[in-house]
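The values are calculated or read from the model by the stated rules, or taken from the named source; none is laboratory data. Source: prediction; values computed, not measured. Neighbour counts are summed over all protein chains in view; Cβ atoms, including those assigned to glycine, are modelled from backbone coordinates with ideal geometry.
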Amino acid sequence: MTTKDQFLMLLEEAGDSYVSGEQAAFELQVSRTAVWKAVEALRKDGIRVDAVRNKGYKLAGPVDVLSEAGIKKWLGDGQHSIIPDIHFQRTVTSTNTILKNMAADGAKEGYVLAAGNQTAGKGRAGRSFYSPSETGVYLSILLRPSDCDAGRASRFTTMAAVAACEAIEMIAEETAAIKWVNDVYTDGRKVAGILTEAAIDLESGQLDYAVLGIGFNVYEPEGGFPEEICQRAGCILKEKTEEAKNRLAAAFVDRFLFYCDTETGGERMRYVRQYQKRCFVPGKLINVLSGGVNTPAKALYVDDECRLIVQYEDGLKEALSAGEVSIRV
């Protein structure tokens, strides 16, 4: 943990009280110069730090800055079978891309990479995922499941969707719902997207690893969302809220790993029932996108494998385990 992160935690614990430079230097076991540099680094990150002669430093106004220390502080004490190893980078190309490269080099299961900005965020079907600086939470988790084929790996996406809904509801007075298969909505707008990527062992047909990535729109970016997504994109919070990003990231990791445990422990229906309850697509007229072609259908229900059961206009029914649908207006 850097001196900057340690000093930020010290200021957060102090609340409205001032922390003198001498006190900070003593508690962090660093020089007064290092404390001053930490203050400047925090200000550079957009965190307002008040400084008063003979009193010291304190945070000015609500602070919501994603950080490694902040996420760890809010992680629950649940004993998951996968132990989360939290890491943070302020700007990355894509958390999924970086973690896939690390997985190929032997990184351990449970590695979590969070970022405050992605310059090449990845969405489904090769699309980009809008990831502006300082308004969202973008993270990926490395999984190395045993005895898991590609079909079973798709469950990670549905587990993550339920975990995301629950995490959002922990920090906001909103009800979160799921648009099959991997988008999370509040108030009729998309606020989170999920992308699972995996590598298969060709000899065994089993997963070598999977990388589960998610991006949350916590706040609306300055100037609003780009024109191409402004009609459907939304944000979780309307105004800055103390430590919302760290609490959101920690809650998502906790809930997702909890559902991973229920999957291996034979209690998978716990998240399946939540997924079915939260999915708002059943009962609606939709278009099923496959091979670049939109086919009209009606969404009937989500089955116990989290597949979307649809009926086409010719009466034929199909169970969709992956793909993309749009709701017809």
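Here are the numbers for this structure:
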item: Of the criteria (1) crowded, with 18+ Cβ neighbours inside 10 Å; (2) over 16 Å from the mean Cα position of the chain (by Cα); (3) more than 28 Å from L207 (Cα to Cα), which one G70 fails; result: (2)
item: Residue check for L308: in contact (Cβ under 8 Å) with a residue 60 or more places away in the chain, in contact with a Leu (Cβ under 6 Å, 6 or more places away or on another chain) and of a type in the set (A, V, I, L, M); result: yes
item: Helices (runs of 4 or more DSSP H) (entirely within the stretch 1-60) containing at least 3 residues that are more than 26 Å from N117 (Cα to Cα); result: 21-28, 32-44
item: Residue selected from the stretch 73-110 under the condition outside any loop (DSSP other than H, G, I, E, B) and hydroxyl-bearing (S, T, Y), by the criterion surrounded by the most Cβ atoms within 10 Å (Cβ to Cβ); result: T95
item: Among the residues listed as K245, K284, K277, the single one being of a type in the set (D, E, K, R), crowded, with 19+ Cβ neighbours inside 10 Å and within 19 Å of A176 (Cα to Cα); result: K245
item: Residue match in the stretch 299-320 (condition: within 21 Å of the chain's Cα centre (by Cα), part of a helix (DSSP H, G or I) and either surrounded by 16 or more Cβ atoms within 10 Å (Cβ to Cβ) or at pLDDT 90 or above (or both)); result: no
item: Residue count, the stretch 157-181 (criterion: in contact (Cβ under 8 Å) with a residue 24 or more places away in the chain, closer than 22 Å to N246 by Cα and under 16 Å from the mean Cα position of the chain (by Cα)); result: 16
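Condition check ((1) in the same structural domain as Y130 (by TED's automatic domain parsing); (2) touching a residue at least 24 places away in the same chain (Cβ under 8 Å)) across all residues:
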{"position": "G21", "(1), (2)": "no, yes"}
{"position": "A41", "(1), (2)": "no, yes"}
{"position": "G46", "(1), (2)": "no, yes"}
{"position": "R53", "(1), (2)": "no, no"}
{"position": "I82", "(1), (2)": "yes, yes"}
